[in-house]
Structures are given as C-alpha cells and as structure tokens.
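Report on the structure given below.
The numbers here are math on the coordinates, done by the rules we state, and not lab data. Just so we're clear, the structure is a prediction, and the values are computed from it rather than from any experiment. Here the Cβ positions follow ideal geometry from the backbone for every residue, glycine too, while neighbour counts run over all protein chains shown.
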Amino acid sequence: MAPEETARTTGQPGLRERKKRETRVALSRAAIRLCVLHGWAEVTVDQIAAEANVSVRTFRNYFSGKAEAIAASHLERMLGVADDLLARPAGEPLWDSLRHAVLGQFAPPGDSAPQGERWREGVRLMLAEPALAGEIIKAGAAAERELARAVAQRTGTDAERDIYPKLVAGVITAASSAAVEHSMRAEGPVPLGEALTQVFEHLATGLRVPSSHHQEA
C-alpha cells in the first residue's frame, strides 16, 4: 500500500502529502485574500505567487489559474473535515464527530480572519465572478467524494455501493454552504461558528420546523 493510501486509512496524511496540501492552502488563501481586497480583475497569478512566497512555476504546478486556486480552498477544507472525522474517537457518535470536524475546519478556535462588512462584500463579489462557477462545482463534487469515503470508513459502509455515506456527505456539504452563506449576509450577519452550530442543532432534530414558525391549524 502506498504511503498516501496508508495515511488516508489511518486518518493522518503522510508528510509529503501534508507539505503539498500546505502549499495548496497557502496559494488558495493568498488568491482569496488578494481577490477579496483588490477585486478579481486586478489580481494576477504573479501577485498570488508572490503573496504566498513561491514562484509562478510552483503556482502552475498546483493550479491552472486563480479560479482553480480559489475553489481549492473548499476542497482542502473538506479534506480536513474528512481527516478530522477519521481521527475522532471510534466510540463517538457519527454526528458528534462530524460537528467537531466541521467546526474545527470552518471555525477553528482563535480564528482571526477579517469579518468586517468590507471583507464580506469582497467575498460576495468574488463568489459572483462567472469564471469561478465551474471550478467551484468541480471542487464541491471532489469534496463530497472524499467526505463520503471517510464516512464509509467510519461507519463500515461502502462509498460506492451504499447510499448512506453519499447522503451524509451531501448533507454536510449543503449544511456547511448554508452556514457560510448565512454568515455572509449583508443584514444581521452572524459568526460562522454560530451559524454552523445552528445548522447542527437543526440536523439533530431531523430538520423539524422551528416552533416559532409553526402555523396554527
């Protein structure tokens, strides 16, 4: 078995894979930071590479362009969720493990990422860029596949034959996206960690309609 495959089955990426992912994450974050602060059209691959302290050649080894680099952030974060899920205690209920894994990747303790209105507006504008759409779809599909594999391994199901791991991965992907969008809204934004906590609380009830929204017969 290859080192990367062994790492995946144990929930811990190998050293080479970790270093590659660290570079991917650094490039993706640099691309996002620059595009949010300066606008999509104003940012070049050269600037992204310089921001991440790597060469343009290194950038090209990982990404075809800034759209793929930005979309990779979602994939890398979900790969982290998959790794964290496999590292959780074996006896812990699946959905508790998923909550810890998702919160750890999307809203880690001490996260000091800028969340002012200027930043949120920049993110909204970046995500509305048509050039990003295809790459985001590709990254989302890859993220769901990897998370489904982790869920299958954790639950003793088969990621190819059984629908359960695919369903769980789809739910987590959709729930995470809903929380991110909710946290980015222009009016009354909420911290991402709070939005994710609300998401998992609703999932725990089976998505029962909140009592304040029940209509009297």
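In vacuo Debye scattering of the range 53-144, one point per C-alpha: log10 I(q)/I(0) at q = 0.13, 0.16 Å⁻¹? The computed values of log10 I(q)/I(0) come out as -0.60, -0.86. With 0.36 nm allotted per residue and the present C-alpha distance subtracted, the Ile137-Thr58 stretch has 26.0 nm of extension available. Helix screen, the chain: DSSP H segments with Cα axial length of 24 Å or more and mean Kyte-Doolittle hydropathy at least -1.0 are 15-38, 66-87, 130-155, 163-183. Label sites at Gln198 and Leu15, each approximated as a point 7 angstrom past Cα along Cα to Cβ, lie 4.5 nm apart.
Here the range 165-187 and the range 30-47 have alpha carbon centers that stand 25 Å from each other. Along its principal axes, the chain has C-alpha extents of 57, 52, 32 angstrom, given from the largest down.
Of the GluC sites (Glu not before Pro) found in the range 71-177, those in coil by DSSP whose Cβ has at most 12 other Cβ atoms within 10 Å are Glu160.
Loop-located trypsin sites (Lys or Arg not before Pro) in the range 146-182 (DSSP state other than H, G, I, E, B) with a sparse environment of at most 14 neighbouring Cβ atoms within 10 Å: Arg161.
If you model the range 160-213 as an ellipsoid using its alpha carbon gyration tensor, with each semi-axis the square root of five times an eigenvalue, the axes come out at 24, 15, 8 Å, biggest first.
Over the residues of the chain, the helix contribution to mean residue ellipticity at 222 nm works out to -23000 deg cm²/dmol, using -39500 (n - 2.57) for each DSSP H run of at least 4.
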